[in-house]
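Everything below concerns the one structure shown next.
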Amino acid sequence: MNTKQPKIAVVTGAGSGIGRAVATELLRAGWSVALAGRRPATLEETAALVPEGASLAVRTDVAQPGDVTGLFAAAVDRFGRVDLLFNNAGINGPRDVPVEDLPYDAWRHVVDTNLNGAFLCAQAAFRQMKEQEPQGGRIINNGSVSAHTPRPRSVAYTATKHALTGLTKSLSLDGRPYGIAVGQIDIGNAATDMTARMQTGALQANGEIAPEPVMDVADVARTVRHMAELPSAANVQFATVLATAMPYVGRG
Ligand SMILES: NC(=O)c1ccc[n+]([C@@H]2O[C@H](COP(=O)([O-])OP(=O)(O)OC[C@H]3O[C@@H](n4cnc5c(N)ncnc54)[C@H](OP(=O)(O)O)[C@@H]3O)[C@@H](O)[C@H]2O)c1
């Protein structure tokens, strides 16, 4: 990385899975990283994986506007500015529930986390990036291949991930005057807690339960770092990274 480039990041969902892998990848590359999530203990575990790294754990529920304001205030207070938001926190919602049986509270919880939380974090990042000197920064939203194509019985997750694509496109346009680059990574089957069932058996479109191939989160983390470290004049607008042999490609 060009040492003249600024390198202060906020990573949400940094206590596990993809968020942890990206946070540690950035820390090892010399970035300072604010680690956000609801469970402080897992954030501290992430920080301990790179003891020489400049990290700050901030207990945050991304669905709570006050928490998000506090997260960005803490990051700026500690590191001086924000150059990157990896907008990653997300949940699946109830698994394999038919649309007609999905409780409204469950729908709202997924929307509050995946869409409203991503919006709140992006808005806070925008405000900071617009105001800081030098102006600008980068936001990378964590979409999904579910931003393109659903799995069966995943209406809340799929709807929020499609909505993230709209969020990415709007922010990307609105960020231009301020040097704020906005892109999205759409991942398929990285091995994390969220996808643990893929290796034993996941519901397929034809009703069968079948195991699916997965890939290492480290390969996702390297992709995010590449996106993060591009010069400000360049942006990966959308990147799709998926387990090579997963059924997603080729109609199953
Ligand atoms: N793994 C894949 O193959 C895959 C594929 C496509 C997309 N994704 C996306 O990747 C992201 C990360 O998923 P993952 O696979 O790494 O699963 P994960 O290990 O379950 O990570 C989800 C993270 O989000 C955090 N989180 C959840 N609700 C939150 C809230 N309200 N406020 C703050 N943090 C919250 C969790 O931390 P706390 O519980 O401590 O808050 C957790 O660290 C998600 O957006 C997911 O949709 C993953």
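So, residue 67, is that one of a type outside the set (A, V, I, L, M), without any contact (Cβ under 8 Å) to a residue 24 or more places away in the chain and within 8 Å of the ligand (Cβ to nearest atom) or not?
Judged against the criteria, residue 67 is a match.
Would you call residue 153 more than 13 Å from the ligand (Cβ to nearest atom), in a helix (DSSP H, G or I) and out of contact with any Leu (no Cβ under 6 Å at 6 or more places or on another chain)?
Working: more than 13 Å from the ligand (Cβ to nearest atom): yes; in a helix (DSSP H, G or I): no; out of contact with any Leu (no Cβ under 6 Å at 6 or more places or on another chain): yes.
No: the conditions fail for residue 153.
So for the range 136-151 (the condition being among the hydrophobic types (A, V, I, L, M, F, W, C) and farther than 21 Å from residue 76 by Cβ), does at least one residue qualify?
Checked against the condition, which is being among the hydrophobic types (A, V, I, L, M, F, W, C) and farther than 21 Å from residue 76 by Cβ, the range 136-151 yields at least one hit.
Which residue is farthest from the ligand (Cβ to nearest atom), if the candidates are limited to the range 117-129 and must be open to solvent by 10 Å² or more (accessible area, probe 1.4 Å) and either out of contact with any Gly (no Cβ under 8 Å at 6 or more places or on another chain) or under 20 Å from residue 105 (Cβ atoms) (or both)? Give the derivation first.
Going residue by residue through the range 117-129, those that are open to solvent by 10 Å² or more (accessible area, probe 1.4 Å) are 119-120, 123-124, 126-128.
Adding the requirement that they be either out of contact with any Gly (no Cβ under 8 Å at 6 or more places or on another chain) or under 20 Å from residue 105 (Cβ atoms) (or both) leaves 119-120, 123-124, 127.
Details: 119: 13, 120: 10, 123: 15, 124: 13, 127: 19 Å.
Restricting to residues being open to solvent by 10 Å² or more (accessible area, probe 1.4 Å) and either out of contact with any Gly (no Cβ under 8 Å at 6 or more places or on another chain) or under 20 Å from residue 105 (Cβ atoms) (or both), the top hit is 127.
Which ones in the range 84-112 are in contact with a strand residue (DSSP E or B) (Cβ under 7 Å, 6 or more places away or on another chain) and open to solvent by 40 Å² or more (accessible area, probe 1.4 Å)?
Within the range 84-112, 96 is the sole residue that qualifies.
Only one of 246, 227, 198 is assigned to a helix (DSSP H, G or I), over 15 Å from residue 143 (Cα atoms) and in contact (Cβ under 8 Å) with a residue 12 or more places away in the chain; which?
Numbers: 246 fails: assigned to a helix (DSSP H, G or I); 227 fails: over 15 Å from residue 143 (Cα atoms).
Exactly one residue qualifies, and that residue is 198.
Report, by residue number, each residue of the range 175-194 that is open to solvent by 20 Å² or more (accessible area, probe 1.4 Å) and either near the ligand (Cβ under 8 Å from one of its atoms) or free of Cβ contacts under 8 Å to residues at least 24 places away in the same chain (or both).
176, 177, 191, 192, 193, 194 - these are the residues of the range 175-194 that are open to solvent by 20 Å² or more (accessible area, probe 1.4 Å) and either near the ligand (Cβ under 8 Å from one of its atoms) or free of Cβ contacts under 8 Å to residues at least 24 places away in the same chain (or both).
Tell me, please, whether a residue that is open to solvent by 60 Å² or more (accessible area, probe 1.4 Å) and among the hydrophobic types (A, V, I, L, M, F, W, C) can be found in the range 197-217.
Taking every residue of the range 197-217 in turn, at least one turns out to be open to solvent by 60 Å² or more (accessible area, probe 1.4 Å) and among the hydrophobic types (A, V, I, L, M, F, W, C).
The values are calculated or read from the model by the stated rules, or taken from the named source; none is laboratory data. Everything quoted here is computed from the prediction, not taken from an experiment. Here the Cβ is made from the backbone with ideal geometry for all residues, glycine too, and neighbour counts use every protein chain on show. Just so you know, the surface numbers come from the protein's heavy atoms only, side chains and all, with ligands and any DNA or RNA stripped out. Shrake-Rupley method; radii C 1.70, N 1.55, O 1.52, S 1.80 Å.
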